[in-house]
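For reference, the structure discussed in these notes is given below.
What follows draws every value from the coordinates through simple rules; no lab data is involved. Predicted model only: the values in this text are computed from it and were never measured. Cβ atoms come from the backbone with ideal geometry, glycine included; neighbour counts cover every protein chain shown.
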Amino acid sequence: MTATDEVFGLFAEFGSSNYDEGVTLTDHSLQTAALAVAEGAHDALVLAALLHDVGHFLQARARGNENYLALDWAHDTIAADWLRPRFGDEVADPVGHHVSAKRWLCAREPAYLDALSSASVASLAAQGGPFTDDEADEWRTRSGADAAIRLRRWDDDGKVAGLTIAPLAEYEALLRDRERSR
Ligand SMILES: [Fe+2]
């Protein structure tokens, strides 16, 4: 099975899980990707946006449990480890940093912290809370940090119930091209 086929299989099997009120995990992933497209992100970053929560799918598959939000153990690094050999560093790095980007934004932008949803505030504590000044400075120098901060903002905005959005099939060619170029 190709990695692209595996992506389609994961979305088919686990994408209908609820992500937020009225929004499935598939809706959320597609909205995050659409925001990346709307901002003119390059192809690898669009795919990172589309696949940033694939760690939840993988956790659900591994545990035979569709309640993926209850399985939120390092879904960022699980996703990055899965994506890297399949779609490359440019896709894997921002995904691997997308939780850290939230901790960075909370440390550096007080308005960002104030605007987080209650669920996101709750998970922030489990994710280690806002970075300290030193942690924030060190993290910001990492490869993929810029892209991860952009991804994080799309992630936060990709939770609109009832939005009509481009389907997963719209990204098939991008996925296959990226996979073939590996
Ligand atoms: Fe997300």
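By count of other Cβ within 10 Å, fewest leading, how are 32, 4, 24 ordered?
24, 4, 32
Based on Cα positions only, what radius of gyration and what Dmax would you give for the chain, in angstroms?
Both quantities, over Cα of the chain: 15.3, 45 Å.
Run the simple label-point estimate for residue 108 and residue 125 please: 7 Å along Cα→C-beta, distance reported in nm.
Spacing of the two 7 Å Cα→Cβ label points: 2.6 nm.
Compare 27, 157, 53 in a GNM of the chain, Cα atoms joined below 10 Å, and give the one with the largest fluctuation.
Fluctuation is largest for 157.
Using the crude model of +1 on Lys and Arg Cβ and -1 on Asp and Glu Cβ, and no other charge, please compute the dipole size for the chain relative to its Cα centre, in debye to 20.
My answer is approximately 240 debye.
Given the options 81, 137, 43, which has the most mean-square fluctuation in a GNM of the chain, springs set between C-alpha atoms less than 10 angstrom apart?
Sorting by GNM fluctuation, first place goes to 137.
Placing +1 at every Lys and Arg Cβ and -1 at every Asp and Glu Cβ, with all other atoms neutral, what dipole size does the stretch 114-182 have around its Cα centre, in debye to the nearest 20? Walk me through the numbers on the way to the answer.
Working: 10 positive and 14 negative charges, 83 e Å.
It comes to approximately 400 debye.
Tabulate in residue order the Karplus-calculated ³J(HN,Hα) for the stretch 149-162, using 6.51 cos²θ - 1.76 cosθ + 1.60 with θ = phi - 60°, rounded to whole Hz; enter x for Gly and Pro.
5, 4, 4, 4, 5, 5, 4, 5, 8, x, 9, 9, 5, x
Of 118, 16, 29, which is the most mobile in a GNM of the chain whose springs link Cα atoms less than 10 angstrom apart?
Of 118, 16, 29, the most mobile in the Gaussian network model is 118.
Given an 8 Å cut-off on Cα distances and at least 6 residues of separation, report the relative contact order of the chain as a percent. Could the numbers behind the result be given before it?
Values: 229 pairs, mean separation 53.4, N = 182.
Reported as a whole number, the value is 29 percent.
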